[in-house]
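Okay, so here's the structure we're looking at.
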Amino acid sequence: MSLTMPAPEAAILENRDRLIRRLRAILPDESVIAEEAGMRAYECDALTMYRQLPLVVALPETVPQVQAVMALAAEMNVKVVPRGAGTSLSGGAMPLGDGILLAMGKFNRILEIDYENRCARVQPGVANLAISDAVAARGFYYAPDPSSQIACSIGGNVGENSGGVHCLKYGLTTNNILGLEIVLMGGGIVRLGGKHLDSEGYDLMGLMTGSEGLLGVITEVTVRLLPKPETARGLLLAFPTVEAGAGCVADIIAAGIIPGGLEMMDGPAIRAAEDFQPCGYPTDAASLLICELDGEASEVDHLVGRVSAMARDAGATTIRASESEEERLGFWAGRKNSFPAVGAIGPDYLCMDGTIPRGRLAEVLAGITELAGRHGLRVANVFHAGDGNLHPLILYDANRPGDIEKAEAFGADILKLCVAVGGVLTGEHGVGVEKRDLMGTMFTQADLDQQQRVKCAFDPEHRLNPGKVFPTLRRCAELGRMHVRGGALPFPDLPRF
Amino acid sequence: MEELAPRDEAELEEAIAWAVAREVPLAVEGEGSKRGFGHVVEAGRRLTTAAMRGVSLYEPAELVLTAGAGTPLREIQGLLDQQGQQLAFEPADYGAILGGPAGRGTLGGAVAINASGPRRIRAGAARDHVLGFRAVSGRGEPFKSGGRVMKNVTGYDLSKLMAGSHGTLGVMSEITVKVLPRPETEETVVFRGLDDAAAVALMTRASGLPTEVSGFAHAPDEGGRTGLRLEGPAVSVAGRRESLLKHFGGEAEVLADAASRAFWEEVRDVRMLAGRGEQLWRLSVAPADGAAVAARLAQAVLPVAGRLFDWAGGLLWLALEAGRHGAAVREGLAGHAACVRAPEAVRAAEPVFHPQPPALAALSRRVKESFDPKRILNPGRMGEGL
């Protein structure tokens, strides 16, 4: 494994026993896990190729306990890694050998559902889907729906700014939360937002969302609830080429239609899904689109007609519109199974997460095919086509020596390709440790320095989740230094009027 | 005041580096249409983004547009119009709101105040539409964040921080935004004669229905007009209109296209309150509480000269006669209250923006310092220390 983490600090390791005693004074005995067998359950998140035992696991269940742990960590100068459900695909919750793993799983209560104001206050350990389930009977739901929604926690969703298949129309986590409560390093607490929409002042809630546990520990989230659309219909569209499928996506968007979901699978992904569990996908297609239209019934029917016509014009070989809820879910079955389906042939896979300008799709997929040949590995692609978020699934065998390194190198090449065409390293999975060392392909040192200065405003000693997101940790004192220049220059060319 | 008007990022960097070296505070603005909003900045020079203008990228099929921060909104809107697209966050015309000439304002200015109009409840505010930007910090260093794609979690989302920062963190040179299709048709169903409480109750019930509504506003004038906006394909708008009428009874008037647009422009630009009172306050509250908040404030013997509810009750505009009202407006308020328009003397005497609890205020100051340690950019515009 090529990942280098900050070297464990001897002073922290030496004080481990004292730290554990102090933690046991804050938390019940069973909420401090210090034995190896118990800590094994926390040694990795869903990026399983990197594993590390934490220094100790703390499982607080009240906000004052979180504050006390954070105050203790600051006092003893110990690192802290917050963890939700441990479903991060980028290693955001990977433990540190000299850090407390702060597991928020006991914060699993929905505190308040306010239908009048269409919001809910929930603890961070509540599973994403549990929110929608709790309000379904009243016709509401929480819109962001990452694939792991049955397990992933809302606190983790905020930390990663999670998306899902519906985010082109309904937005990401950042567009669907109203308030946060966070505990800062040192134990201070701030509440941001509430049941109201925007407020003046710096948008620290927006900043916290997607900050990957580096700025504070989330202890409460107020989410927006939306009324469930009256109806939804799916379209299953197959194309003989990737270009034709991509062209159809562009036509749909250019016509002013924003579907609830718009997903694409390439040939290898279609066939893997169909082999895993037959769901009627045409296995001879080069690209498959699943287009979901939701809203008022007459509008949905109207748009199903328009999109079908566009697909015909774009050369679709299969055009099927769902006539029942069962059929709509059937269209999704293969797509929803695509990760385990690829896993079944892998036997292991690495899921990448670049976003590209949609218009470059065919070119990028061709590039990925070429890279696959060069690295000697197979790849299947699923794609949130509406918003340009590409998930190449790289197949490898962890038991074959050298395969992990090959997969990592292939993945890095894919992400560099995404950046080269105007895209980004990660659309929804986060940087974590996985893409940390690639940040330089997208950002200059000045860009990264400014981001780290923001980190310094929250955590000047780099105690909170260090080693994630930023390729090099720079001391805050050094980052704060001003290099004053230009004072003597009257900049004569600058127009003044 | 002498004005600096850099034409590109290099000149912007040069200008700010000069100001940092000389410790000259800068009043940062675009066309100056919102100069009257916020605290008065004690500046040595004015820095305008107006010369950094022009659309450098517009790809309608990708829903993306990049422009210089000083690009006038009217220019961008004109361009989008030709492709049947729009800035879905509906930035208000602050020229009109603040009593200046109408039709002014830049993209950078709209982002700097995190502008949002009646469609906020569905489509979000400016913050939800900025995909990326380039800026020069108060350290005189250029930096960027985000990109040009719809979905991006690479690094901290500094776009959110820039939106609503009133030019106190960095001066943006270039901004990339998400643009969206303009609806094929729109209609507004107007219910007449409702008092505040009944109107907010109706809007609360309507916003819990699956019927997609893209604007909920209540203007107490003319006996009370409560408008619900429907946007989309004609067939769907008609279907939703019928379902609303069935739900809330037939006593309603329907405004079609141009009339509907005019109604929402009036709401967006708070024209219902134009010329009323000395001050204009903007309260962001839990939507269902909107009417109760307005009633409580009226009981607090505030000299209310007019009110307007948007966001289904979640946004309350209040026109107030002369006086110092900050404390009374904010007392016990679960939400935020900002004074958008008031004479300089009033803005000098009391906080324009909602005061923050000490821990949050301290954190905000540290964020300011991380971008602008010498307090060069719009110092004090958002309040003490920012």
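Just so you know, all these numbers are worked out from the coordinates, no wet-lab data involved. Everything quoted here is computed from the prediction, not taken from an experiment. Virtual Cβ from ideal backbone geometry, glycine too; neighbours counted across all protein chains shown.
Observations on the model:
- Over 26 Å (Cα to Cα) - which of A:K195/A:K336; A:K455/B:K160; A:K406/B:K160 fall in this group: A:K195/A:K336; A:K406/B:K160
- Counted by Cβ distance under 9 Å from B:E29, the other residues give a net charge of +2, where Lys and Arg count +1 and Asp and Glu count -1.
- With bins 10 Å wide beginning at 0, the percent of Cα pairs of the range A:188-288 falling in each bin runs 11, 26, 19, 24, 18, 2.
- Positive minus negative residues near B:G249 (Lys, Arg vs Asp, Glu; Cβ under 15 Å): +1
- Summing charges over all other residues whose Cβ lies under 11 Å from the Cβ of A:C44, with Lys and Arg as +1 and Asp and Glu as -1, gives +1.
- Kirkwood Rh (inverse of mean 1/r, distinct Cα pairs), the range B:185-268, angstrom: 12.6 Å
- FRET E, pair A:I345, A:V63, Förster distance 35 Å, beta-carbon r, rounded to 0.05: 0.15
- Hydrodynamic radius by Kirkwood, which averages 1/r over all alpha carbon pairs of the range A:79-124, in angstrom: 12.4 Å
- Taking a ≥ b ≥ c as the square roots of the eigenvalues of the Cα gyration tensor, the range B:20-175 is oblate, since a/c reaches 1.5 or more and a/b is not larger than b/c.
- Counts of other chain beta carbons within 10 angstrom of each beta carbon in peptide B:356-363 average 5.
- Summary value for chain B: 19 percent relative contact order, contacts being C-alpha pairs under 8 angstrom separated by 6+ residues.
- Karplus-based coupling profile of the range A:301-314, in residue order and whole Hz: 4, 4, 6, 4, x, 5, 5, 4, 5, 5, 5, 4, 4, 7, with θ = phi - 60° in 6.51 cos²θ - 1.76 cosθ + 1.60 and x standing for Gly or Pro.
- The per residue volume of the convex hull around the alpha-carbon atoms of the range A:346-488 is 153 Å³.
- For the residue pairs A:K435/B:K368; A:K435/B:K151; A:K169/B:K34; B:K144/B:K368; A:K79/B:K374, alpha carbon separations beyond 20 Å are given by A:K435/B:K368; A:K169/B:K34; A:K79/B:K374.
- R0 of 60 Å, Cβ-Cβ distance A:E112-A:T4: FRET efficiency to nearest 0.05: 0.85
- Translational diffusion of chain A, estimated by Stokes-Einstein from the Kirkwood radius over alpha carbon pairs at 10 °C in a medium of 1.306 mPa s, is 66 µm² per second.
- Viscosity 0.692 mPa s, temperature 37 °C, Stokes-Einstein D of the range A:10-103 from Kirkwood C-alpha radius, µm²/s: 250 µm²/s
- By the Cβ distance rule (another cysteine Cβ under 4.7 Å), the unpaired cysteines of the protein assembly as shown are A:C44, A:C119, A:C152, A:C167, A:C248, A:C279, A:C291, A:C351, A:C418, B:C339.
- The value for the range A:231-339 of Rg(Cα) / (2.2 N^0.38 Å) is 0.98.
- Cα Rg over Rh - the range B:213-341, Kirkwood: 1.02
- Volume per residue of the convex hull around the Cα atoms, evaluated for the protein assembly as shown, comes out as 155 Å³.
- Radius ratio Rg over Rh of chain B, counting only Cα atoms, Kirkwood formula for Rh: 0.97
- The range B:275-386 pair-distance distribution - Cα-Cα, 5 Å bins, rounded %: 2, 11, 21, 20, 17, 13, 9, 5, 1
- Convex hull of alpha carbon positions in the range A:410-481: directionally averaged projected area 5.0 nm².
- Unit charges at the beta carbon, dipole of the protein assembly as shown: most positive-side option, B:Q279, A:S199, A:V469: B:Q279
- Shape index of the range B:120-220: Rg/Rh, with Rg the Cα radius of gyration and Rh the Kirkwood radius from the inverse mean 1/r over Cα pairs, equals 1.14.
- Pairwise inverse Cα distances across the range A:84-157, averaged and inverted, put the Kirkwood hydrodynamic radius at 13.2 Å.
- Alpha carbon convex hull of the range A:137-177, volume per residue in cubic angstrom: 81 Å³
- Once the Cβ-Cβ distance of A:R400 and A:R191 is raised to the sixth power relative to R0 = 56 Å, the FRET efficiency obtained is 0.65.
- Nitroxide proxy distance, nm - points 7 Å out along Cα→Cβ at A:E325 and A:R51: 4.2 nm
- Using Cβ point charges alone (K and R +1, D and E -1), the dipole size of chain B about the Cα centre works out to roughly 700 debye.
- Shown here is the pair-distance distribution of the range A:275-421: with all Cα-Cα distances grouped in 10 Å bins from zero up to the longest one, the shares run 10, 34, 33, 17, 5, 0 percent.
- Anchor A:K416: aspartates and glutamates whose Cα lies under 13 Å away (excluding residues fewer than 8 positions away in-chain): A:D353, A:E408, A:D437
- Sorting A:F443, B:F309 by the number of Cβ atoms found within 10 Å of their own Cβ, with the fewest placed first, yields A:F443, B:F309.
- Derived scalar couplings ³J(HN,Hα) [the range B:270-285; Karplus, 6.51 cos²θ - 1.76 cosθ + 1.60; whole Hz; x for Gly, Pro]: 6, 5, 4, 10, 4, x, 9, x, 8, 10, 10, 10, 10, 10, 9, 9
- Size of the range A:110-227: Rg and Dmax of its alpha carbons, in Å, are 13.2, 41.
- The trypsin sites (Lys or Arg not before Pro) of the range A:1-82 that meet both conditions, a loop assignment by DSSP and at most 16 other Cβ atoms within 10 Å of the site Cβ, are A:R51.
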